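Single-structure report; data block below.
The values are calculated or read from the model by the stated rules, or taken from the named source; none is laboratory data. Since this is a predicted model, take the numbers as computed values, not measurements. Note: ideal-geometry Cβ built from the backbone for every residue, glycine included; neighbour counts use all protein chains shown.
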Amino acid sequence: MSTTTAPNTAFAHDVVEGLSGEKKHLSSKYFYDDNGSRIFMQIMKMPEYYPTGCEFEILSQQSQDILKKLCFEERFDIVEFGSGDGVKTKQLLTTFLRNQADFTYVPIDISQEALDALQENITATLPNIKMTPKTGDYFEILDELAKSDTPKLFLFLGGNIGNYKPEEALDLLKKFHKGMNKGDMLLMGMDLRKNPRVIQTAYDDPHGITKAFNINLLKRINNELDADIALDQFDFYSNYNPENGEVNSYLVSLKKQHFHSTVLNTTFHFEKDELIWTELSKKYSLNEINNVAEEAGFSVVHNFMDCKHYFTDSLWVK
Ligand code: AVJ
C-alpha cells in the first residue's frame, strides 16, 4: 500500500461528515498514511493474515498458466492499479519475461514515493523490463490509456475490491470496463468465503496489529487536524458475518467523551460504546464473482486459486 497525497481538505471534510451524524464512520482509504502503510506491512507479515501468502503462492506458481490464458497476439501493456511494494507482482513479471512475453509494465499509484521505491525494487531484479510508471488518479489515467490501442492486461490485486460495498464495487468495475477496449483483460484479486473462524482471526488478530491500524485513523486526526483524542479511550472490534460475507470493523468509544479539533474548530461527542465504522472487507463466493463480473460486462476466463482455495486471482475479459 502506498502513502496518500490526498489533500488535507478532503480528509478534513470526511472527518466532519463521518463523525457528526447518527451512524459514525471513517473511510478505510485513510488508513494508508506513512505510519498506516507501515502497519499494513506488519499485517501482511502476520501468519493469521492469509491473503498475502495465498496470492503470493498463486502468482509464483501459476503465472505461466495465467500467461497462457491471455489472448494477445503481439506486444501488450500490463497496467497495475495500486501497485504497492510489488513483491507479488514481481513473481508474475519474472515468469512472463522468462517466457519471452513482450510487454511494458505500467504501474499506477497516487504516491510518487511509492512508485519510485517500486521501480527501484523491480529493476534491481529485472533490469531489462520495459516500465513506464504513472502517478495520479486511476480514472484520469484510465481515460488516457484507453486512447492507445495496445492490448492491455489490467491488474487489481491484493483483494482491494473487498473494501467497496457491493454497489460501489460494481460501479468501480463498470468504470474499469468503460476504460478498456474489447479483448483487454483484468486480473482481479478477490478474497473467497471460507471457514468463518479463519477470516475472523485474520481481521481480529491476537497481536493487536489490526487494532493499531484502526487507532492510527484517530492518530491522523490528532496530528493533521490538531485534535486531542485520547487514543486509549477507544477499543477495536471486528466481526465476520458468514451469511453475507462481510467483515465489518469498528472503533468503540470506551466512555462518554468528546474531543476538539482546532483546525476544524469543532468538538465531536461520543456516547459510551458508540461505534465508528471503519472498514468493510467483503468476501466473495465463486458464484458472486461470476455475477458481479457479468453485471459489469466481463466474462470470467479462469479463477487462479491457492491450494487451500482461500483466495482467487480471477481473470476476466471484456
Ligand atoms: C488492503 C483492503 C486488502 O481488507 O484485507 C487488512 C486491508 N484491513 N486488515 C483487507 C486490511 C484489515 C486489506 N486490503
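Only residues in region 160-178 that are closer than 22 Å to S249 by Cα count as the first member; pair them with residues that are small (G, A, S) and in a helix (DSSP H, G or I), Cβ under 6 angstrom, at least 6 apart or cross-chain, and list the lot. Within 6 Å, the pairs are I161/A169; N163/S28.
The residue of region 136-158 that is surrounded by the most Cβ atoms within 10 Å (Cβ to Cβ), among those that are farther than 25 Å from D191 by Cβ and hydroxyl-bearing (S, T, Y), is T150. Can you confirm whether I221 is modelled with pLDDT under 95 and either more than 13 Å from the ligand (Cβ to nearest atom) or of a type outside the set (K, R) (or both)? No, not satisfied.
Within region 38-69, no residue satisfies the criterion of being of a type in the set (D, E), more than 13 Å from the ligand (Cβ to nearest atom) and part of a loop (DSSP other than H, G, I, E, B). Applying the selection to region 192-249, what residues are farther than 27 Å from H309 by Cβ and assigned to a strand (DSSP E or B)? Once the filter is applied, which keeps residues that are farther than 27 Å from H309 by Cβ and assigned to a strand (DSSP E or B), region 192-249 yields A227, F234, D235, F236, Y237.
Inside region 112-170, residues that are within 19 Å of K282 (Cα to Cα) and more than 16 Å from the chain's Cα centre (by Cα) make up a count of 1.
Restricting L157, L145, L172, L153 to those that are aliphatic (A, V, I, L, M) and out of contact with any Asp or Glu (no Cβ under 8 Å at 6 or more places or on another chain) reduces the list to L172.
Meeting the requirement of 2 or more residues that are within 22 Å of F311 (Cβ to Cβ), the helices (runs of 4 or more DSSP H) wholly within region 71-187 are 87-98, 166-178. Annotation note: of D102, D116, D77, D109, the sole residue that is closer than 30 Å to T278 by Cα and more than 15 Å from the ligand (Cβ to nearest atom) is D116. Remark: L315 matches the filter, which requires a residue to be under 17 Å from L155 (Cα atoms) and buried (at least 17 other Cβ atoms within 10 Å of the Cβ).
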